[in-house]
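Asker: The structure's right below; bear with me while I get my questions together.
Please treat every number below as a calculation from the coordinates, not as lab data. The structure displayed is predicted, hence computed values, not measured ones.
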């Protein structure tokens, strides 16, 4: 998979449907025994900004704001909905990521990234960070943080097309969960499950090898990338699932 051929604009718009459909990476099924890597802390990481904002990012922020206004009016009209706090707002300006995939050029090149909302949720003692892009197919970039350790992965979904398989699998499937064989996570501070103030970070990763059936002669491939993100973690309760 040398390139994710998807427009940044569509990747943002489709987020609302993708986030609800990728259920294989639910944060309430986390196995702490799988946490292998220790993340790094660098307070200077919060100096990473998203300036200048791209046209797609400016558009996405305006779309999120408009949706918030619409849903706010509906929530306000129902006392029950208001009490249950059913509205889960995502402020794109403070919850977003820039995803660079398989690039040889500088990761700071603003013309070569996928822009996506960044969803950060705290469930019990685990922080789940996820970025989703896609249109007819989709990709989810996921980081789970537990105490001083973390694990990261990439989930690919190709709709009705049987596109992916592992090296030892006999048939292709329409989805695959790839563990990252190389990963480096840097956060601006230590994760504390009882705090939900702003979090900044970056992830450098290379996935395990897999086969993609879109080529004339399928060959083992992998995804390499770097993600810059910032978000405001939200506390998630079991009743929210």
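Asker: Mind pulling up the Rg/Rh value for segment 141-226? Radius of gyration and Kirkwood radius, both on Cα. Walk me through the numbers before you get to the answer.
Answerer: Numbers: Rg = 15.9 Å, Rh = 14.6 Å.
Taking Rg over the Kirkwood Rh, I get 1.09.
Asker: How much length is gained on full extension from residue 102 to residue 189, taking 0.36 nm per residue of separation minus their Cα-Cα distance? Can you show the working numbers first?
Answerer: Details: separation 87, 0.36 × 87 = 31.32 nm, distance 2.77 nm.
Fully extending the segment from residue 102 to residue 189 adds 28.5 nm.
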